[in-house]
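The values are calculated or read from the model by the stated rules, or taken from the named source; none is laboratory data. Because the structure is predicted, anything quoted here is derived from the model rather than measured. Heads up, the Cβs are rebuilt from the backbone with ideal geometry, glycines too, and the neighbour counts pull from every protein chain shown. Keep in mind that these areas ignore ligands, DNA and RNA; they rest on the heavy atoms of the full protein, side chains included. Shrake-Rupley method; radii C 1.70, N 1.55, O 1.52, S 1.80 Å.
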Amino acid sequence: MHIKSCFILLLLSLSSCKTASLTDAYSNTSSSHTTTFSSDDKEIVNLYKLKVEEELVLPILGEDNSLGDLFDIALHNNPATKISWSDAKAAAATYGENLSTYLPAFGFDAEFNANREGFVFNSQGASGQEAFLMNTQIQYGPIISLSYLLFDGGTRKAKAGKYFWLLQQSNFLHNESIQSVMKTVADSYYTYISDQAQYKADIEDLENAEEAFKAATDKYKAGVYSITDMLQAKTNYLQKKVTLTNQKNTTDNSYVKLITTLSIPANSEEVELKEFPEKIAPCPFTGDLAQLINIAKESRGEFLAAKANVLSAQNDVKIAETEILPKLNLTANAGEYWYQDNYRDRGNYNILLDLSFPIFSGFYYRNLIKNKKAILEEAKSKLYSTELTIIEEIKFALNDLNASKEKIEDTKSYLEAAEIENDAMLKKYKLGIVSILDLLSAQAYLADAKSQYILAQKDYYTSIIDLSFATGMLSTQQAEIHYAK
C-alpha cells in the first residue's frame, strides 16, 4: 500500500498536480472563520495581473453635452447592454446548434490495431502433449460514418421552435436592457441639472440674504432700527450659507452618479452639460391611454420577451408529447481494412435502421407532460403580470406628465410674482416702510418659487422619459422622443 501511494504521488508530481490540494483540501482556505484568506500560490499572481481593457467613449470636453450625447456614450460603455447582447448571441448559437439535427452527421475514423496473443492447446498427436502457438494480427484502415434522424414524430421541430423563441426572448431582453440604460442615464441627467440649477438659485438666495443683511446693518448703524433686525438678517444669511454648502455637496454627488451611469470612472475630467432649455419643450405624447398601451405591447422589450417565453414553453409541451412517439434513425459506416502480408478486405460497410419507442416508463412521460404544461401556465401568468405592470407604469407616467405640465405653468407664475414682491419689499425696507420680517418673508417666497419651478421642470422632462420607457419608445430608433433638444 505504501509503494502504491508513493507511486501515485510521483505521478501527480510529474504531471504538475498540487498534492497539497489533494491531501489537505482545507489548505486552500483561511485557517479559521475569524481570519482573512491569503495565499502564496504562484498562480494567484495571475489574478492580480488580470486586466480587462475597455475602449471607452468619453464626453466632449469644452462643449455642452446634450442628453442625446450621453445616450450614445452610455450605450457604448455600459456593460449591461454588452452582457445582454452576449446572451442574445449565445442564444443564437444554441438555436443554430439545434438546427444541426436537420442535417446528417458525417464522421471519419482512422484505425490502427496491432494484437499479439499466445494460445496453449492439447496436441492431437499420439503423445498428447500441450502445444503453444503465438498469433500476431495487424489491422488498419479508414472508416466513414453517417448518422441521420429520419423520423421522430415532431420532437426535432418542437425543439427548434423552443430555441427559436428563447433566442427572441434574449433579443427582446437586450432591447429592454438598452431602454433601461437610457432611462437610468436620463434620470441621472435631469437630477444633476436640477441640482445644479438649485445650486445656482441658492447662490442668488445667498446674495439676496447678504444684501438684506447689509441693509439691516446700515440701518442699525444709522440708529434707524434696533439690533434685532440686524441679527435676524444675519441669521437668515448664515442659514442660506449652510443651505448653499449642502446643495453644493448634493450637486457634486449627483454629478458622480451621472458619470457612473455612463460607465466612466468618477475621477475623470469634469465635463460640461446642457441645462434646462429656457423655453419648455413641447410634449411629444397625446393623452390617448389605449393607444399608448397598444404601442407598449408592440415595442416594450420586457413584454415581448414574456410572450416569447410563453411560445417557448408551448414548444416544450410539444417536445414532451412527442417523446412517446416512434423514432427512426439511420446509421451507416463504410471503409476498408488492411492486414499484414498485404491482405485487405476490399471494402466493408454496415447499414442500420433503428426503430424505437417507449412502451412503459413508470408514468415518466405522463408526468413530464404535466410538468411542462404547468410551466406553460406559469409563463402565461408571468405574461399577464408583466402586462399589468406595464399598464400601471404607463398610467402613472401619464398622470405625472399631465400634472407636471400644469405645475410648470403654475410655478412659473409663482416665480414671476415672487420676484416682483422681493424687489418691492427690498426697496420698501430701505425706505423704512416695512420691517425686516416682511423682507425676509419675501425672500423666502422667492427661494421657494425658484425651487418649485426647478422641480417642475425636472418632473416634466422626467415624466416624458418615464412614459417613453413605459411604452417602449425610449430607443435609439425614436430619438425625437428621448429628450428635448
Practice item. With the checklist (1) surrounded by fewer than 16 Cβ atoms within 10 Å (Cβ to Cβ); (2) at pLDDT 95 or above in hand, flag the one item Leu103 doesn't pass. Key: (2)
Point to revise | Unmet requirement for Ser312, which otherwise passes all of (1) in contact (Cβ under 8 Å) with a residue 40 or more places away in the chain; (2) loosely packed, with under 14 Cβ neighbours inside 10 Å | key: (2)
Review point. When segment 428-480 is examined, which residues are found to be under 28 Å from Glu409 (Cα atoms) and of a type in the set (D, E, K, R)?
Key: Asp438, Asp448, Lys450, Lys458, Asp459, Asp466, Glu480
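Every residue, every condition in (1) in a helix (DSSP H, G or I); (2) more than 46 Å from the chain's Cα centre (by Cα); (3) at pLDDT 90 or above, yes or no:
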{"site": "Thr136", "(1), (2), (3)": "no, yes, no"}
{"site": "Leu150", "(1), (2), (3)": "no, no, yes"}
{"site": "Tyr163", "(1), (2), (3)": "yes, no, yes"}
{"site": "Leu173", "(1), (2), (3)": "yes, no, yes"}
Exercise for review: Return the residue satisfying two criteria in turn: it lies in segment 460-484 and is assigned to a helix (DSSP H, G or I) and open to solvent by 30 Å² or more (accessible area, probe 1.4 Å), and of such residues it is modelled with the highest pLDDT.
Suggested key: Asp466
Practice item. Determine whether Ala424 is touching a Lys or Arg at 6+ places or on another chain (Cβ under 9 Å) and open to solvent by less than 70 Å² (accessible area, probe 1.4 Å). Key: no
Check your understanding: Does segment 251-275 hold any residues that are open to solvent by 60 Å² or more (accessible area, probe 1.4 Å) and polar (S, T, N, Q), and which are they?
Key -> Asn253, Thr260, Asn267
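This table checks each residue for (1) polar (S, T, N, Q); (2) in contact with a His (Cβ under 6 Å, 6 or more places away or on another chain); (3) closer than 17 Å to Gln239 by Cβ.
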residue: Ser170; (1), (2), (3): yes, no, no
residue: Glu176; (1), (2), (3): no, no, no
residue: Val181; (1), (2), (3): no, no, no
residue: Tyr189; (1), (2), (3): no, no, no
residue: Ile193; (1), (2), (3): no, no, no
residue: Ala197; (1), (2), (3): no, no, no
residue: Ile203; (1), (2), (3): no, no, yes
residue: Glu207; (1), (2), (3): no, no, yes
residue: Phe213; (1), (2), (3): no, no, yes
Check your understanding: So how many residues does segment 277-298 have that are modelled with pLDDT of 90 or more and open to solvent by less than 80 Å² (accessible area, probe 1.4 Å)?
Key -> 7
Review point. Which one of Ser361, Ser385 is at pLDDT 95 or above and of a type in the set (S, T, N, Q)?
Key: Ser385
Review point. Does segment 248-264 include one or more residues that are of a type in the set (Gly, Ala, Ser) and farther than 27 Å from Ile464 by Cβ?
Key: no
Review point. When Ala417 is evaluated against the numbered criteria (1) open to solvent by 40 Å² or more (accessible area, probe 1.4 Å); (2) touching a helix residue (DSSP H, G or I) at 6+ places or on another chain (Cβ under 8 Å); (3) in contact (Cβ under 8 Å) with a residue 40 or more places away in the chain; (4) hydrophobic (A, V, I, L, M, F, W, C), which criterion, by number, is the only one it fails?
Key: (3)
Check your understanding: Is one or more of the residues making up segment 357-377 in contact with a Lys or Arg (Cβ under 9 Å, 6 or more places away or on another chain) and acidic (Asp, Glu)?
Key -> no
Review point. Which condition does Glu63 not pass, out of (1) among the charged types (D, E, K, R); (2) open to solvent by less than 60 Å² (accessible area, probe 1.4 Å); (3) over 28 Å from the mean Cα position of the chain (by Cα), if it passes all the others?
Key: (2)
Practice item. Would you tally the residues in segment 324-352 being of a type in the set (Lys, Arg) and either at pLDDT 95 or above or open to solvent by less than 50 Å² (accessible area, probe 1.4 Å) (or both)? Key: 1
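This table checks each residue for (1) under 29 Å from the mean Cα position of the chain (by Cα); (2) in a helix (DSSP H, G or I); (3) under 24 Å from Leu353 (Cβ atoms).
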position	(1), (2), (3)
Ala281	no, no, no
Gln291	yes, yes, no
Glu298	yes, yes, no
Phe303	yes, yes, no
Ala308	yes, yes, no
Leu311	yes, yes, no
Gln314	yes, yes, no
Leu325	no, no, yes
Leu330	no, no, yes
Exercise for review: Can you run down the residue pairs with Cβ atoms below 8 Å, 6 or more apart or on separate chains, where the first is in segment 47-59 and at pLDDT 75 or above and the partner is open to solvent by less than 100 Å² (accessible area, probe 1.4 Å) and among the charged types (D, E, K, R)?
Suggested key: Pro59/Asp69
